[in-house]
Amino acid sequence: MIFIITILREERKMSNTAKDIQLPTGNPVTRLLDKLFGKSTATLSTKVTRPFWVLVEKEISDQVRSWRFIILLAIIALTTMGSLYTALTNIGDALKSVTDPEKAYVFLKLFTYSDGTLPSFIVFVSFLGPLLGIGLGFDAVNSEQNNGTLSRLLAQPIHRDYIINAKFISSLIVISFLFFALGFLFLGIGMIAIGLIPTPEEFVRIVMFLFMNIIYVGFWLNLSIFLSVRFKQPATSALTGISVWIFFSIFYSMIVNLIMKAIASPALLINPAYQIYLERIKLALMRFAPNILFSEATSTLMIPSVRSLGPLTMEQLSGAIPGPLPLGQSLLLVWPHITALIAASAVCFVLAYVPFMRREVRSR
Amino acid sequence: MDEIIKLTGLTKKYGEFTAVDHLDLSINKGEVFGLLGPNGAGKSTTILMLLGLTEPTEGSVSVCGIDPISRPVDVKKRVGYLPEDVGFYDRYTGLENLMFTAQLNDMSKAEAYDKATKLLERVGLAEQADKKTGVYSRGMRQRLGLADVLIKDPEVIILDEPILGIDPYGVREFLDLIIKLSKEEGLTVLFSSHHLYQVQQVCDRVGLFVSGKLLAEGNINSLSQQLFGNNAYTVELGISGTTSNNKGTPEDIIKNIDGVISVNSEKGKYLIECSRDVTPEISKEIINSGLNITSLNKKEYGLDDIYYHYFEGGTKNE
């Protein structure tokens, strides 16, 4: 490729000298080369892009060129490589175990296996995903307002919701590209290192898992866009977003445990039905946290032997042969989780959308 | 008359507070109209309603024959709006900022580039076109803002406090630029300001705005006529020497001139209030009476006087 470009450049030099000696300038080769390398207006497209996509284009280029995205990308890429390295060095041990029903799922193991030194890919993503979502959205609207560009944008002949929709869509596009690129890189390096190829089922599971990531990060993105509409200062909205994230990932389960302790009556604990009842309440409470929803869904998708997310009695388990669930059944198990996460995202988006549409935007 | 902007009974209330109170105003095509008033008089709110950026509580707006409340996008296609203290994307150059706006107005990249470079030249920013707007000075930003407004080929441009925070020289340059461009393109210009003097220089007509009400409108002369009635002119006269041929004191001489209402002497100068411009007669009479004129100065009432007059009126009414 480089070779071809060099040749073309040489040719261009030659065609430039040709111009100097008064050859007809309008020949097709020169024009083509001008199009390829020249800074003339001929390089600019004469096609009219719809204003919405002009906005999306600008947002994407802003995101991709911003320092915070580069930093987040670096963190995520490094952790991914770290977890891939640990998984690859230990994959042999993991596959040796005879009783493991997931022996066949080598590639899923790559994403989920950890020897304890470094967490696995799915754990990293559930931890860093929110940070990525918050990082991409926390100053979406308020920074435009503070820079005085929002009122200028609103004076253009576009519908007002274009702005907030473009912010959301562009960040979602960036996230999707990021996750699919990372996921497939992970897969590709795994293929080279192990020398096997993934089965179609594994591939579908991995693609579903990547979709799940996008939905999960999309939720945090919507939350942070909502905060950016709600708070005038980007710092406030970033801190609020991070607090929500820390609250759910650290304190929420503690609070649920406290509540469970408070409501459980010790006299009844002897009854297994009551224990199951308590366990169900606890799960129901836990599932209000988006990170719990996400980790349940991803582990079901990536560890096929997970057959239920609720409590199981010994009776139900007796006689069961440990074996992986078929893909359809795994999907059925996580369907409510996906729906709930999308619904939570939608709620956040509406919360951001309605006040933004109604707001009277003054300059700065 | 070709009315391009028409407001009838326009009212905007924020809770109990009435920002704009039953405003009736029409602006003709090709006119330069100055919306004048102190801070918080409701100028910006009126402008926002013109663009459909906020909904009026009562009344109706029509811009280019379109209702901006039901069809804001169509209005925004025809109206360029420069907000107060406009901001640009600091990461981008002036040229890129303009091209972005142009593309939002349904232009292709190539078209946007051509148009933006031409406009940058016209507003005098051709050399700064490739600098990031983050390093632009205030005056440069305003000029870029003007280019940004003009890039969509508007019929009307609305500028909210366009000269706030620019140095006097810059203000003059900027206003001249607005007027030149608007005359060339046949644009209707509406701008708000509380800088009286500069507005006076460039506006065809002004509207005086105090606490949500339009108190008076018209050109400067008709406003001063409305306000100051017969005492529309004041002449300041300085003389030396003594009167010959027993014509009496200078006061008597001046008082005899037709149109003079009163004469006051103050620190050796005479302040003459008159109903018409009598400066030539005064000078003739004074010279004839053998006195020497050291200074003769016609004071016209400017917007400042009009403004303060209304403020006095406004506070008295309360």
Which net charge results when you count Lys and Arg as +1 and Asp and Glu as -1 among the other residues whose beta-carbon is under 12 Å from that of A:Ala352? +3
What list of ³J(HN,Hα) couplings, whole Hz, do you get for region B:158-164 from phi and the Karplus terms 6.51, -1.76, 1.60, once you set θ to phi - 60° and write x for glycine and proline? 10, 10, 9, 6, x, 10, 5
Just subtract the alpha-carbon distance of B:Arg205 and B:Ser60 from 0.36 nm times their residue separation and send over the number in nm, one decimal. 50.0 nm
The percentage of the accessible area of the protein assembly as shown (probe 1.4 Å, all protein chains present) made up of carbon and sulfur atoms, to the nearest whole number, is 59
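Cα-Cα pairs above 31 Å in chain B: how many percent?
On the way: 22510 of 50403 pairs.
Percentage above 31 Å: 45.
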Estimated FRET transfer efficiency (A:Phe180, B:Thr11; beta-carbon r; R0 51 Å; 0.05): 0.40
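Rounded to the nearest 20 Debye, what is the dipole magnitude of region B:233-300 about its Cα centre when Lys and Arg each give +1 and Asp and Glu each give -1 at the C-beta? Walk me through the numbers before you get to the answer.
Values: 8 positive and 10 negative charges, 30 e Å.
Result for region B:233-300 is approximately 140 debye, rounded to the nearest 20.
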Taking 7 Å along the Cα-to-C-beta vector as the label spot, tell me the B:Ser108-B:Asp67 distance in nanometres, rounded to one decimal. 3.8
Options B:Leu125, B:Thr57, B:Thr8, ranked by Cα towards positive dipole end of chain B, top entry (Cβ charges): B:Leu125
What number comes out for the charge environment of B:Lys29, summing +1 per Lys or Arg and -1 per Asp or Glu over other residues with Cβ under 10 Å away? -4
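Between B and A, buried accessible area summed over both sides at probe 1.4 Å, in Å² to the nearest 100? Don't skip to the end; give the middle numbers.
On the way: alone 15900 and 20430 Å², together 33160 Å².
Buried: approximately 3200 Å² between A and B.
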Any DSSP H helix in chain B with Cα axial reach of 15 Å or more and mean Kyte-Doolittle score of at least -0.5? Listed by number, the hits are B:94-104, B:138-150, B:168-185
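With +1 on each Lys and Arg Cβ and -1 on each Asp and Glu Cβ, and nothing else charged, work out how big the dipole of chain A is about its Cα centre, in Debye to the nearest 20.
On the way: 30 positive and 20 negative charges, 267 e Å.
Roughly 1280 debye, rounded to the nearest 20.
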Of the listed pairs B:Lys76/B:Lys115; B:Lys109/B:Lys183; B:Lys13/B:Lys152; A:Lys232/B:Lys213; B:Lys109/B:Lys152, which have alpha-carbon separations greater than 23 Å here? B:Lys109/B:Lys183; B:Lys13/B:Lys152; A:Lys232/B:Lys213
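Grab the Cα-Cα distance for A:Phe288 and A:Tyr85, subtract it from 0.36 nm times how many residues apart they are, and report the gain in nm with one decimal. Intermediate values should be presented prior to the final figure.
Details: separation 203, 0.36 × 203 = 73.08 nm, distance 3.37 nm.
The A:Phe288-A:Tyr85 span can extend by a further 69.7 nm.
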For chain A, what does the accessible surface come to per residue with a 1.4 Å probe? Please give it in Å². 52
Of B:Ser289, B:Tyr92, A:Trp245, which is farthest on the positive side of the dipole of the protein assembly as shown, counting Cα position, with +1 on Lys and Arg Cβ, -1 on Asp and Glu Cβ, and the Cα centre as origin? A:Trp245
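The values are calculated or read from the model by the stated rules, or taken from the named source; none is laboratory data. Quick caveat: nothing in here was measured; it's all calculated off a predicted structure. Positions of Cβ are backbone-derived with ideal geometry, glycine not excepted, and every protein chain shown enters the neighbour counts. Just the protein is used for accessible areas: all its heavy atoms, side chains included, with ligands, DNA and RNA removed. Shrake-Rupley method; radii C 1.70, N 1.55, O 1.52, S 1.80 Å.
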